[in-house]
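A short write-up of the structure that comes next.
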Amino acid sequence: MTRPVTASDLADWMAFAPERSAWHVALDEAEDVQGFQWIEPRDGLPPEACDIATFVRIGKTGLGIGSALFDATRRAARDLGYVWINANIRADNEGGLIYYQSRGFRNYGTVENHVLENGEIVTKILKRFDL
C-alpha cells in the first residue's frame, strides 16, 4: 500500500546532506505540488556522482513537468561540482526507465535480487548521465 508524500516526508528527505543536495518542486497555478526531483550524494557512489529521484503526480506525466525539473536539476548538479548523475530504477518501472532514457541517461549496470523494505525482491537498472 502506498500513501501520499507529506510535508514531513519532504523535510526528512531534505535534511540529508543539504550542502551537497538540490531540490526542485513543480507547482500548478493553485500552488499544488505536481512533481519534485532531487539530487544528493549516496553511499556507494564516488564523490563526483550524485543520485537522482523524480516524482510526478499520477495523471500529470507527459506535460513537461519532468523536463523542467531535470533542466533545473542538471544545472544544480553542475553548480554543486558533480560530474555525473546516477539513476537507480526498478526494472518494472517502465515510465521511469523511459523518462531517464529520454533525458540522455544510459544504462551502465544492474542490481539483481534487491530486497525492498517490504521484502519484495526486484531488479534495479542503473543509468548514468554525464554532465
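FYI, it's all coordinate maths here, none of it is from the lab. Small disclaimer: the values here were computed from a predicted structure and weren't measured. Methodologically, a virtual Cβ is constructed for each residue, glycine included, from the backbone with ideal geometry; neighbour enumeration extends over all protein chains shown.
First select every other residue whose beta carbon is under 13 angstrom from the beta carbon of ASP92; then total the charges, Lys and Arg +1, Asp and Glu -1. Please list the in-between numbers first.
Details: positive: ARG90, LYS124; negative: GLU94, GLU120.
Residues close to ASP92 contribute a combined charge of 0.
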Projected convex hull area of the stretch 7-130, Cα atoms, direction-averaged, in nm², equals 8.2 nm²
